């Protein structure tokens, strides 16, 4: 495994911890809010046999830098950091896999830098996207940010790790869930609070991009757990508005899909990547959008 320190192109004092292993087509993994680069180990072990797997910890997540300026955290910073990682490793384009916060980043990469994204897998995406739920989501983000500031990561992890879309993981794999919770407890309280306020609370809604997504050309796979209430409806809506998208729903599953159901996650992504690389992943046939159930009227 090679370890790199990648400097931010927009913030001179920020650098990112990056790891890579394997050879073949580049495959970039972008983690969720409650994770970091370590959370992709079960995917790296699987895909490094055929891909050049790249993981990194976002700004705010040690061993990456933890800037204390709130303005250093935004959806645009996340996108630029991902591009900086690709640039530093001299990767022209890559397949990108993102979970939750990382899924938003992967989607925006395809919107902003199409030539850098060969395909995108986004899992557990959609929290706060629905306009009618947006203010409640923003209020909850602020509550979480204040909890990190006032109580610290270890205390917050005890509650956050057993949220409504995390208990599925705990019930299926108590050992894996305990490791996940322990890693979350080690996160920077400052970085977590600022990430929650900047990346999460202030990120734009997916529905702000309806017109652009209708022309989205990156092969896109959307994964969602059927018990991940914050992501189900947005995932279905995203499938409908994006012609290049396919949707897979994991049964009896929550938010942390890559850890909760690693075998299913890996095999599903594997099949998608194979389809993309063989040129058989096609855009949706417009005829399938007919309002008639049978097409007879």
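Can you find a residue in the range 70-77 that is in contact with a helix residue (DSSP H, G or I) (Cβ under 7 Å, 6 or more places away or on another chain), within 24 Å of residue 22 (Cβ to Cβ) and touching a residue at least 12 places away in the same chain (Cβ under 8 Å)?
no
Does the range 127-137 contain any residue that is under 24 Å from residue 259 (Cα atoms), modelled with pLDDT of 95 or more and surrounded by 22 or more Cβ atoms within 10 Å (Cβ to Cβ)? No, that holds for no residue.
Do the conditions hold for residue 219, that is, is it in contact with a strand residue (DSSP E or B) (Cβ under 9 Å, 6 or more places away or on another chain), modelled with pLDDT of 95 or more and closer than 19 Å to residue 99 by Cα? Yes. For the range 71-105, what are the residues that are under 17 Å from residue 125 (Cα atoms) and touching a strand residue (DSSP E or B) at 6+ places or on another chain (Cβ under 6 Å)? Of everything in the range 71-105, those that are under 17 Å from residue 125 (Cα atoms) and touching a strand residue (DSSP E or B) at 6+ places or on another chain (Cβ under 6 Å) turn out to be 96, 97, 98, 99, 102, 103, 105. Selection of first residues in the range 1-23 that are in contact (Cβ under 8 Å) with a residue 24 or more places away in the chain and on the phi > 0 side of the Ramachandran plot and of second residues that are part of a strand (DSSP E or B) and surrounded by 15 or more Cβ atoms within 10 Å (Cβ to Cβ), restricted to Cβ pairs under 6 Å at least 6 apart or on distinct chains, gives the following pairs, ordered by first then second residue: 22/52; 22/53.
Criterion applied to 180, 207, 199 was being assigned to a helix (DSSP H, G or I) and surrounded by fewer than 17 Cβ atoms within 10 Å (Cβ to Cβ), and the one residue passing it is 207. Scanning the range 158-176 for residues that are touching a residue at least 60 places away in the same chain (Cβ under 8 Å) and not in a loop (DSSP other than H, G, I, E, B) turns up 160, 167, 168, 169, 172, 176. Where helices (runs of 4 or more DSSP H) fall entirely within the range 43-153, those with at least 3 residues that are within 27 Å of residue 227 (Cβ to Cβ) are at 101-112, 131-151.
Kindly evaluate residue 28 against the criterion of being modelled with pLDDT of 95 or more, within 30 Å of residue 156 (Cβ to Cβ) and surrounded by fewer than 19 Cβ atoms within 10 Å (Cβ to Cβ). If you could, list the steps in order and put the result at the bottom.
Details: modelled with pLDDT of 95 or more: yes; within 30 Å of residue 156 (Cβ to Cβ): yes; surrounded by fewer than 19 Cβ atoms within 10 Å (Cβ to Cβ): no.
No: the conditions fail for residue 28.
Among the residues of the range 231-260, which ones are outside any helix (DSSP H, G or I) and free of Cβ contacts under 8 Å to residues at least 60 places away in the same chain? So that I can check it myself, show each step before the final result.
The first filter runs over the range 231-260 and keeps only residues outside any helix (DSSP H, G or I), leaving 231, 242-256.
Across the range 231-260, the qualifying residues are 242, 243, 244, 245, 246, 247, 248, 249, 250, 251.
Screening residue 155 with (1) free of Cβ contacts under 8 Å to residues at least 12 places away in the same chain; (2) touching a helix residue (DSSP H, G or I) at 6+ places or on another chain (Cβ under 7 Å) gives one miss only, at (2).
The values are calculated or read from the model by the stated rules, or taken from the named source; none is laboratory data. These figures come from a predicted structure and were not determined experimentally. Methodologically, a virtual Cβ is constructed for each residue, glycine included, from the backbone with ideal geometry; neighbour enumeration extends over all protein chains shown.
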